[in-house]
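Below you'll find the structure, written out as structure tokens, and then a few comments.
The values are calculated or read from the model by the stated rules, or taken from the named source; none is laboratory data. This one's a predicted model, so the numbers in the text were calculated from it and none came from an experiment. Quick reminder, even Gly has a Cβ in these numbers, built from the backbone with ideal geometry, and neighbours come from all protein chains shown.
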Amino acid sequence: MNGAPVKMQSACDGRHASHAQCADGDAVALDRRGALGLLGGMAFGALLAGCESMRGGASTDSSSGASPDATLVRHMSLAEWSLHRSLQAGEMTNLDFPLQARGTYGIPAVEYVSTFFAGKGADESYLRELRMRCDGEGVRSVLIMIDGEGDLGAADANARRDAIERHVRWLHAAQSLGCFAIRVNARSEGTRVEQMERSADGIGTLADRAQEMGLAVIVENHGGVSSDGSWMAGLMKRMARPNAGTLPDFGNFRLSETEQYDRYKGIAEMMPWARDVSAKTYGFDAAGNETTIDYARVFAIMDAARYSGFVGIEFEGKTMSEPDGIRATKRLIERFGVRA
């Protein structure tokens, strides 16, 4: 989903955010901390090995059917941005979203966008109503994608603290809805090193607050320096928080108006810390393949990383209707074994 411009780095082209988590007490939190650290290391090693094998010439034909590794179970979710035209036109509301996901598309998990809450993200009665609708439809709330709440990597320390507090309000909303995480942006300014330091401070502090609530904070490649996979990997290493991770979006690799980061390299670099992915689509050929993104190649990277979280459908095309685009994306990822 298209967002606000990234300072000093230019705009992005998309939007989104993981596995579910639960916290029954301090002992569980400690177990999660250790487990995530171990899994991160294992995933990184598997990813390196998988990428080496892929250099030998893995097939890039996305008409090839199920994912090569059938032992990995992945479930689909629907990103709310897929319906942004309908929402912005007033044809539906955020409260209608879970029913649309389950009733119209047969998708029982949803990923919200904060800007569609109509200013009611802190309204407990509104959140109770939304959760009741989800429960009534058997829909799982996965995460909330947070936009427009200030830059967590702001150069000014006071602005950074303000952004943290504004994001904390959404942690409470995510907890009320039963989400496992919020998705945030690494927006900053300055040199790459300065942006790394400021983003690690802001997002890391937010992750510490989220840890107390049993929630994760995941960062999407969303334009500018955050669309540089190596920078994102560096951010994860610098933060070193057990509940901080990435949300690789298959489409968001625009570094500036004139420069694009290598999509597949970026996905591979972020995948060891992935807690959710956004299956971005723009258009399809007659065989149902995405015309911009090689899905077979992306799923091979996911297999190498042993990724088994949610795959969030995020249709962003302009040449077909939102319902048609969502259904086409669903059919595409089902070829690779993703389950509703």
- prompt: Consider N252 against the criteria (1) surrounded by 24 or more Cβ atoms within 10 Å (Cβ to Cβ); (2) among the polar types (S, T, N, Q); (3) assigned to a helix (DSSP H, G or I): it satisfies all of them except one. Which criterion is unmet?
  reply: (3)
- prompt: Looking at the range 167-193, which of its residues are in a helix (DSSP H, G or I) and either farther than 24 Å from D249 by Cα or of a type in the set (F, W, Y) (or both)?
  reply: R169, W170, H172, S176
- request: Find all pairs meeting these conditions: Cβ atoms under 6 angstrom apart; at least six residues apart or on different chains; first residue within the range 284-298 and surrounded by 13 or more Cβ atoms within 10 Å (Cβ to Cβ); second residue part of a strand (DSSP E or B).
  value: E290/T281
query: When the range 154-198 is examined, which residues are found to be crowded, with 17+ Cβ neighbours inside 10 Å, more than 23 Å from E111 (Cβ to Cβ) and of a type in the set (S, T, N, Q)?
result: S188, Q195
- request: Examine the range 141-152 for a residue that is touching a Leu at 6+ places or on another chain (Cβ under 6 Å) and either of a type in the set (G, A, S) or loosely packed, with under 15 Cβ neighbours inside 10 Å (or both), and state whether such a residue exists.
  value: yes
query: Within the bounds of the range 272-285, is there any residue that is within 14 Å of the chain's Cα centre (by Cα), closer than 15 Å to V338 by Cβ, at pLDDT 95 or above and in a loop (DSSP other than H, G, I, E, B)?
result: yes
field: Qualifying residue in the range 292-306 (condition: out of contact with any Pro (no Cβ under 7 Å at 6 or more places or on another chain) and under 20 Å from V184 (Cβ atoms))
entry: no
query: Taking M76, is it outside any helix (DSSP H, G or I) and under 19 Å from R131 (Cβ atoms)?
result: no
- prompt: Out of all the residues in the range 146-159, is one or more modelled with pLDDT of 95 or more, under 14 Å from L177 (Cα atoms) and of a type in the set (A, V, I, L, M)?
  reply: no
- request: Kindly provide the set of residues from the range 74-92 that are among the aliphatic types (A, V, I, L, M) and crowded, with 24+ Cβ neighbours inside 10 Å, ordered by number.
  value: L78, A79, L83
message: β-branched (V, I, T), closer than 20 Å to A79 by Cβ and touching an Asp or Glu at 6+ places or on another chain (Cβ under 9 Å): is that true of I218 in this structure?
response: yes
query: When the range 133-149 is examined, which residues are found to be out of contact with any Asp or Glu (no Cβ under 8 Å at 6 or more places or on another chain) and either assigned to a loop (DSSP other than H, G, I, E, B) or over 20 Å from Y105 (Cα atoms) (or both)?
result: G138, V139, I146, D147, G148, E149
task: Output the residues belonging to the range 153-166 that are of a type outside the set (A, V, I, L, M, F, W, C), farther than 17 Å from D208 by Cα and not in a loop (DSSP other than H, G, I, E, B).
output: N158
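Results for (1) assigned to a loop (DSSP other than H, G, I, E, B); (2) under 28 Å from F299 (Cβ atoms); (3) at pLDDT 95 or above; (4) among the polar types (S, T, N, Q), shown as yes or no for each residue.
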site	(1), (2), (3), (4)
R33	no, no, no, no
A43	no, yes, no, no
S53	no, yes, no, yes
G57	yes, yes, no, no
S62	yes, yes, no, yes
H84	no, yes, yes, no
L99	no, no, yes, no
I107	yes, yes, yes, no
Y112	no, yes, yes, no
- prompt: Being within 18 Å of A181 (Cβ to Cβ), in contact with a strand residue (DSSP E or B) (Cβ under 8 Å, 6 or more places away or on another chain) and acidic (D, E), is that true of even one residue in the range 273-295?
  reply: yes
